[in-house]
């Protein structure tokens, strides 16, 4: 049996544009990024991250401590705001995708609490140290003293730019 055709101006569930459901599988990430100024605060919560930015794509392949593997599609929406879609992988899937040509960044990430807000401090093998915090538009946060120049939206300090 055929479904009735909607009258002009009406829509049906099947006529909803495919991209309107993007939020179901992806999330917006709002962050502020700063260069470290001075000494990083101590943290015992540390992980080793390898990011591979696959050439000619918006895809990032990530290994966290060699026990979590994921593939992310990253789309810049505006400075400091990205849409990220993550897919968790098996080790075998990660190893297969890691054969694709890519730029690679290795970093140690530590988590630090500052006035009830979780900050990430990424120490890249190149020596660059980025402090970042994920926020919501309405969030008012105190910037720690150990944060220096803000580099949010500066393409020279994106993960891709810091990869070799």
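A few notes on this one:
- Scope region 115-129; condition in contact (Cβ under 8 Å) with a residue 40 or more places away in the chain and not in a loop (DSSP other than H, G, I, E, B); matching residues: 121, 122, 123, 129
- Selected residue (criterion: modelled with the lowest pLDDT) from residues of region 34-52 that are at negative phi and assigned to a loop (DSSP other than H, G, I, E, B): 44
- Residues of region 142-153 that turn out to be touching a residue at least 60 places away in the same chain (Cβ under 8 Å), exposed (fewer than 14 other Cβ atoms within 10 Å of the Cβ) and in contact with a strand residue (DSSP E or B) (Cβ under 8 Å, 6 or more places away or on another chain), as a count: 1
- Scan of region 53-66 for residues that are part of a loop (DSSP other than H, G, I, E, B) and either touching a residue at least 40 places away in the same chain (Cβ under 8 Å) or more than 13 Å from the chain's Cα centre (by Cα) (or both), ordered by number: 55, 56, 57, 65, 66
- Restricting region 130-164 to residues that are under 23 Å from residue 54 (Cα atoms) and part of a loop (DSSP other than H, G, I, E, B), the residue that is nearest to the chain's Cα centre (by Cα): 158
- Tally of residues being out of contact with any strand residue (DSSP E or B) (no Cβ under 9 Å at 6 or more places or on another chain) and more than 20 Å from residue 107 (Cα to Cα) across region 57-91: 2
- Residue satisfying all of: in region 30-74; closer than 14 Å to residue 119 by Cα and in contact with a helix residue (DSSP H, G or I) (Cβ under 8 Å, 6 or more places away or on another chain); surrounded by the most Cβ atoms within 10 Å (Cβ to Cβ) among these: 33
- The set of residues from region 75-106 being outside any strand (DSSP E or B) and surrounded by 15 or more Cβ atoms within 10 Å (Cβ to Cβ) comprises 80, 93, 94, 97, 98.
The values are calculated or read from the model by the stated rules, or taken from the named source; none is laboratory data. Just so we're clear, the structure is a prediction, and the values are computed from it rather than from any experiment. Note: ideal-geometry Cβ built from the backbone for every residue, glycine included; neighbour counts use all protein chains shown.
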